[in-house]
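Q: Please see the structure below; I have some questions.
The values are calculated or read from the model by the stated rules, or taken from the named source; none is laboratory data. Just so you know, these numbers come straight off a predicted model, no measurement behind them. Cβ placement follows ideal geometry from the backbone for every residue including glycine, while neighbour counts extend to all protein chains displayed. All accessible areas refer to the heavy atoms of the entire protein, side chains included, with ligands and DNA or RNA removed. Shrake-Rupley method; radii C 1.70, N 1.55, O 1.52, S 1.80 Å.
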Amino acid sequence: MAVLSGFYPDEWHDSTFAIDYRLMYKKGYRGVIYDIDNTLVPHGAPADERAIRHFARLKELGFQFCLISNNKEPRVASFAKGIGGAYYVFDAHKPSKKAYLDAVKKMGLSKEQVFFVGDQIFTDVYGAKRAGLYSILVKPIHPKEEIQIVLKRYLENIVLYFYKRECKKNG
């Protein structure tokens, strides 16, 4: 359904940790923008060992990264510190494109060198697409979510139905 295509991610993976970052680097990407909650860790959780190892691996591969979140600064700054330091944008007002473009600028890269990873269509993916960034949707890490997100998931399922249908049609 063409009207929904503005919400379609460029890729969809089971997990942030299942993305082939080496391939993304070979394609010319040098920066990654991440949502935090339910993308990297369960909602509200601190940086865990898997996230810490993930960001250490990204550094080894040569990536820069920036966290963007609609959360307040204490949550975002604490997570950034927990993964060993990262650029971040808090109170991002996603899906506003401003935070995404601020993240690109903080990394000193062009939009063409950066991709975005997040777990929500209407905030994360839509914002990234509005900013002109390549977007990767991942499945939420944990089923426990705030009620407004739970409600949005029902609408996301409609978008994903048509997205999957479009993917099958295009091979």
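Q: When the chain is fully extended, how far beyond the present Cα-Cα distance does Ala45 get from Tyr25, taking 0.36 nm per residue of separation?
A: 4.4 nm
Q: At a 1.4 Å probe, what is the % contribution of carbon and sulfur to the accessible area of the range 1-143?
A: That share works out to 54 percent.
Q: Identify which of the listed values of Kirkwood radius over Cα pairs in Å was calculated from the structure shown: (i) 16.5; (ii) 16.0; (iii) 21.4.
A: After the calculation, the listed value that fits is (ii).
Q: List the residues whose amide H sits under 5 Å from the amide H of Phe116, counting only those 5 or more places along or on another chain, with H placed 1.01 Å from N in the peptide plane.
A: Ile33, Tyr134, Ser135, Ile136
Q: Still on this structure: Run lengths n ≥ 4 of DSSP H only: what is the helix-derived mean residue ellipticity at 222 nm for the chain, with -39500 (n - 2.57) per run over all residues, to the nearest 500?
A: -12000 deg cm²/dmol
Q: HN-Hα J couplings of the range 83-88 from phi, Karplus 6.51/-1.76/1.60, θ = phi - 60°, integer Hz, Gly and Pro as x?
A: Values per residue, Gly and Pro as x: 8, x, x, 6, 5, 7 Hz.
Q: Count the lysine pairs in the range 1-83 whose Cα atoms sit under 19 Å apart, keeping only pairs 8 or more residues apart in sequence or on different chains.
A: 4
Q: Then there is this: If amide hydrogens are placed 1.01 Å from N in the peptide plane, which non-local residues have theirs closer than 5 Å to the one on His13?
A: Excluding prolines and chain starts, which carry no amide H, the hits are Leu137, Val138, Lys139.
Q: Sorted by accessible area (1.4 Å probe), largest first, how do Arg153, Arg50 line up?
A: These residues rank, largest area first, as Arg50, Arg153.
Q: Under a 1.4 Å probe, what is the accessible area of the range 1-148 per residue, stated in Å²?
A: 47 Å²
Q: Right, another one. With a sphere of radius 12 Å drawn around the Cβ of Phe116, what net charge do the other residues whose Cβ falls strictly inside it have (Lys, Arg +1; Asp, Glu -1)?
A: Taking every other residue near Phe116 into account, the sum is 0.
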